1. What does the accessible area of Ile94 come to, in Å² to the nearest 10, when a probe of 1.4 Å is used?
2. Ordered by residue, what ³J(HN,Hα) values in Hz, to whole numbers, does segment 271-279 give under the Karplus form 6.51 cos²θ - 1.76 cosθ + 1.60, where θ = phi - 60° and Gly and Pro are x?
3. Ignoring ligands, DNA and RNA, what percent of the accessible area of segment 1-149 is carbon or sulfur (1.4 Å)?
4. If you take the charge dipole of the chain about its Cα centre, with +1 on Lys and Arg Cβ and -1 on Asp and Glu Cβ, which of Ala231, Ile277, Leu174 is farthest toward its positive end?
5. If you count only protein heavy atoms and use a 1.4 Å probe, how large is the accessible surface of Asp203, to the nearest 10 Å²?
6. In square nanometres, what is one fourth of the surface area of the convex hull spanned by the alpha carbons of segment 128-249?
7. To the nearest 10 square angstrom, how much accessible area does Met70 have with a 1.4 angstrom probe?
8. Roughly how far apart, in whole Å, are the Cα centres of segment 41-87 and segment 204-279?
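The values are calculated or read from the model by the stated rules, or taken from the named source; none is laboratory data. From a predicted model like this one, the values you see are computed outputs, not experimental measurements. FYI the Cβ positions are ideal-geometry reconstructions off the backbone, even for glycines, and counts take in every protein chain you see. Just so you know, the surface numbers come from the protein's heavy atoms only, side chains and all, with ligands and any DNA or RNA stripped out. Shrake-Rupley method; radii C 1.70, N 1.55, O 1.52, S 1.80 Å.
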Amino acid sequence: MLNFTKMHGIGNDYVYVNCFKEKIENPEKISIFISDRHFGIGSDGLVLIMPSEVADFRMRMFNADGSEGMMCGNATRCIGKYVYENKMTDKTDITLETKSGIKKLKLTTQDGKVSFVEVDMGKAVLKPRDIPVNFDGESFVSKPVDVNGMEYKLTCVSMGNPHAVLFTENIDSLDLEKIGPSFENHSLFPERINTEFVEVIDDKTLKMRVWERGSGETFACGTGACATAVAAVLNGFCKNDEEITVKLRGGDLKITYKSDGTVLMCGTATKVFDGIIDI
């Protein structure tokens, strides 16, 4: 039997397990099972909250297909809410170890509840080989890429995991189930890629849909929203040091791409329910 909590960050939903109390032997297999929306709990994946030797807490996250992810921005906010409201810490400034480094969380609380979480996501990575992208150069900004015979201009950014951002129009009409896998598995991306399809509303507002590697289209992606804001600045649509609203299917995130390369993400986190499942 496994105790869990279902949470979401603007619709990006995961099953969270407190590994201070629970033990999971095969998280890859369990993630596939619990993520199934017909035969399992239903989620975009599995997140483990664990002890850390270098930070206040440690996160491991697994996609719906069982693959382990480097980082999930929406999950970091949910972990902040979880550990505070379950009295695992009384701090409102928390450090969280992830596979892409230590992230700093700042909690906004009221009456013992967490209402917003700001995450210092660290610096955006722009060098193609570090994203990784099979391209020699110092950056990959608005470069033409052939996908299934169509040319798209992509901007690639890593926020601890790889993203390709496409600025286009009428994103609501795009069939991501059809085109998403072709971007995800393109030979340009040796570790696959998360792809953001973005409409520019104005210089402070972007609308985004996302195809996540290992999970398909999700309602939100925190690192994807960060990558989108960075790409928007690099392409001249938005400005450094100004808060950018990224509108996703599940809600809005506030992103600031600072002049020193650091990215700040602010948004909500929501608990759905606690449960027990027989695994």
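1. 10 Å²
2. 8, 9, 6, 9, x, 10, 10, 8, 10
3. On the way: 3320 of 7060 Å².
Carbon and sulfur atoms account for 47 percent of the accessible area of segment 1-149.
4. Ile277
5. Rounded to the nearest 10, the figure is 70 Å².
6. Numbers: hull surface 27.7 nm².
Orientation-averaged projected area of the Cα hull: 6.9 nm².
7. We get 70 Å² for Met70.
8. So the separation of the two Cα centres works out to 16 Å.
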